[in-house]
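**Student:** Just passing along the structure, written as structure tokens.
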Ligand code: C5P
């Protein structure tokens with residue numbers, strides 16, 4: 001095998017609680033991460049040279065050594081120098097700077113893909129350890145599904161998979177938010193000290209475990225993201241988008257990660273489509289374009305494209 005094509009799904013955070021400042025500058029987190037059926041395509045080809053080449057169809061994505069995909073390939077090349085180089089093509093469907101882990105999932109796909117192309121035989125645990133060197137969300141993106149993530153976000157425990165969770169994903173087209181900015185501002189404003197002292201992660205975990213008919217309703221009521229406390233006051237258009245989605249037939253609405261994406265959980269895909277139509281209708285006279293997707297939860301991480 002000299003080439004392969006992989007699907008790299010996006011994620012949303014159903015829950016993101018900041019529980020501590022770490023001495024390494026990062027934050028201790030309790031997160032519930034959920035893969036969704038919105039994916040980039042990653043094509044990887046073995047080349048006859050030692051070079052790593054990255055191409056992307058999205059003009060805002062750098063293709064040099066600063067791209068996480070390039071770093072993922074370099075990490076494996078440094079560990080296994082005898083296998084030469086690779087050429088990687090990224091076809092972007094996941095919006096950039098969106099809080100949907102698009103770049104992290106692309107990097108996870110490169111680890112999985114090169115492991116297969118070079119027949120390295122790395123286990124999922126070994127791939128996740130390498131992934132943690134690239135970014136906090138990359139280990140999750142390898143296996144995907146519904147996962148509890150703690151530590152920096154790299155300590156993972158699988159949860160019962162949430163199937164057929166209907167979602168509306170909304171992203172202000174011209175607004176990307178830096179994850180580092182969001183966490184640094186949270187720390188600078190001392191927001192950890194002013195939090196409600198009791199965590200409610202146990203409630204959303206119980207709702208996910210219950211798997212009965214009302215669990216999607218319960219999960220939607222328990223959505224939570226600490227980063228909203230810094231992002232919503234700074235970017236009123238995101239707060240406005242959240243209100244717009246709440247005014248619809250949504251079961252629950254939350255910003256994903258550090259934004260700028262806001263998502264709604266809907267009763268079913270028909271309801272999600274009505275919400276999406278309404279958001280599209282509402283913005284006809286407004287200058288700031290919002291991109292809208294109707295999608296659902298996915299039970300896997302990186303997979304073959306077909
Ligand atoms: O790990 P990653 O490179 O994706 O993180 C991007 C930025 O987000 C970090 O530089 C850090 O500022 C912030 N971050 C954090 N605590 C975490 C994860 C990320 O402060 N647990």
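Every number in this text was worked out from the coordinates using simple rules, so none of it is lab data. Bear in mind that the values here come from a model prediction, so they are computed numbers and not experimental data. Please note: Cβ atoms are built from the backbone with ideal geometry, for glycine as well, and neighbour counts cover all protein chains shown.
**Student:** With respect to residue 28, is the statement that it is near the ligand (Cβ under 10 Å from one of its atoms) and assigned to a loop (DSSP other than H, G, I, E, B) true?
**Tutor:** Spelling it out, it is not the case that residue 28 is near the ligand (Cβ under 10 Å from one of its atoms) and assigned to a loop (DSSP other than H, G, I, E, B).
**Student:** Right, something else. Out of the residues in region 183-208 meeting the condition of being outside any loop (DSSP other than H, G, I, E, B), without any contact (Cβ under 8 Å) to a residue 40 or more places away in the chain and within 16 Å of the ligand (Cβ to nearest atom), tell me which one is surrounded by the fewest Cβ atoms within 10 Å (Cβ to Cβ).
**Tutor:** 188
**Student:** Next up: What is the number of the single condition among (1) assigned to a helix (DSSP H, G or I); (2) in contact (Cβ under 8 Å) with a residue 40 or more places away in the chain; (3) surrounded by fewer than 16 Cβ atoms within 10 Å (Cβ to Cβ) that residue 243 does not meet?
**Tutor:** (2)
**Student:** All but one of (1) within 16 Å of the ligand (Cβ to nearest atom); (2) part of a loop (DSSP other than H, G, I, E, B); (3) in contact (Cβ under 8 Å) with a residue 24 or more places away in the chain hold for residue 18; state the number of the condition that does not hold.
**Tutor:** Failing condition for residue 18: (2).
**Student:** Which one of these is more than 22 Å from the chain's Cα centre (by Cα) and either away from the ligand (no atom under 16 Å from the Cβ) or within 26 Å of residue 276 (Cα to Cα) (or both): 211, 229?
**Tutor:** After ruling out the rest, the residue left standing is 211.
**Student:** Here's something else I'd like to know. For residues that are touching a helix residue (DSSP H, G or I) at 6+ places or on another chain (Cβ under 8 Å) and under 21 Å from residue 182 (Cα atoms), scanning just region 31-55, find the one that is farthest from the ligand (Cβ to nearest atom).
**Tutor:** Once the filter is applied, the top-ranked residue is 32.
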